[in-house]
Structures are given as C-alpha cells and as structure tokens.
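Notes follow once the structure below has been shown.
Just so it is clear, none of the values below were taken in a lab; they were calculated from the coordinates. Computed from a predicted structure; not experimentally measured. For neighbour counting, all protein chains shown are included, and Cβ atoms are generated from backbone atoms with ideal geometry for every residue, glycine included.
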Amino acid sequence: MKEIQHCVRVRLCAPVEARIPRVMARRSVGREEAIELIRKADEGASARIQQFFRVRWGDPLVYDLVINIASAEGHITLTGMVFSNAAKDSVERIVKSVVGVRSVENQVRVFREW
C-alpha cells in the first residue's frame, strides 16, 4: 500500500465481542450466525488486501494509523498508536463529531521512532 503516496493508510478495529451485537441487530440474526458473518467479512477483507496490495491485512506496520475502538452506550474508548500528537488529536476530534457519541476516552499512544 505504500506505493499509493497520496493516501493515508488507516485501520479501524473493534473487538469481536463489540461487533457481535451490532451484526445481530443489523442483520436480525442470532449470535452464532453473527460470529460467522464477522469471520467471513474479515476473511474477505484480508483476501482483498492481500490480492491488491500483497500485504497482510492484520499487520499494523502497513498502516499509517491503527485505531482500536470500543464503545458502550455512546461512550467511546480509543486505543492504538499514531506517529504524532496531531494525529491523536484529529482522531479524537473526528470521533467526537459522530452523532450519538457522548464521550471519548483517548488512550491512543504516540509512537516516536528513534
């Protein structure tokens, strides 16, 4: 993906346990079917990234920004690593602008190369 110079490579991740109830509600399915749908979606995303860019989808080193997101009733927790304070602040600002977000706990760490 690095050959696309004008793009910022971002990966947003949510824990499977957080994704299950969302899929159950959106697709009107039970827990086991939701888990299977998530597994298939993740496999598909992984295959497309591998096919088009020849990189592992789950490898955080191929992204400029990896943000892990967990939410409970509009309260959002952000974790992950970024390369600048500006990126950390931008992510928080964007998440706060989403309708339904009540609060944001920003636990994102700034990674500094030596």
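If you wrap a convex hull around the alpha carbons of the chain, what volume per residue comes out, as a whole number of Å³?
Working: hull volume 14.5 nm³, N = 114.
For the chain, the hull spanned by Cα atoms encloses 128 Å³ per residue.
Can you tell me the length gained on complete extension of the stretch MET24 to GLU105, counting 0.36 nm per residue apart and subtracting the Cα distance? Don't skip to the answer; put the middle values down first.
Working: separation 81, 0.36 × 81 = 29.16 nm, distance 2.60 nm.
So the chain would gain 26.6 nm between MET24 and GLU105.
Compute, for the chain, the length of the dipole vector about the Cα centre, with Cβ point charges of +1 (Lys, Arg) and -1 (Asp, Glu) only. Units Debye, rounded to 20. Before the final figure, lay out each step's value.
Numbers: 19 positive and 14 negative charges, 36 e Å.
The calculation lands at about 180 debye.
Rounded to the nearest 500, what is the 222 nm mean residue ellipticity of the chain from helices alone, with -39500 (n - 2.57) per DSSP H run of 4+ residues and division by all residues? Could you put the intermediate results ahead of the total?
Values: 3 runs with 47 residues, N = 114.
Result for the chain, helices only: -13500 deg cm²/dmol.
Given the Cα-Cα distance of ASP64 and ILE38 and 0.36 nm per residue of separation, how much length would full extension add, in nm? Working shown, then result.
Numbers: separation 26, 0.36 × 26 = 9.36 nm, distance 2.43 nm.
Contour length minus the Cα-Cα distance gives 6.9 nm.
In nanometres, what is the gap between the two model label sites at GLN5 and LYS96, each 7 Å from Cα along Cα-to-Cβ?
Result for the modelled spin labels: 3.5 nm.
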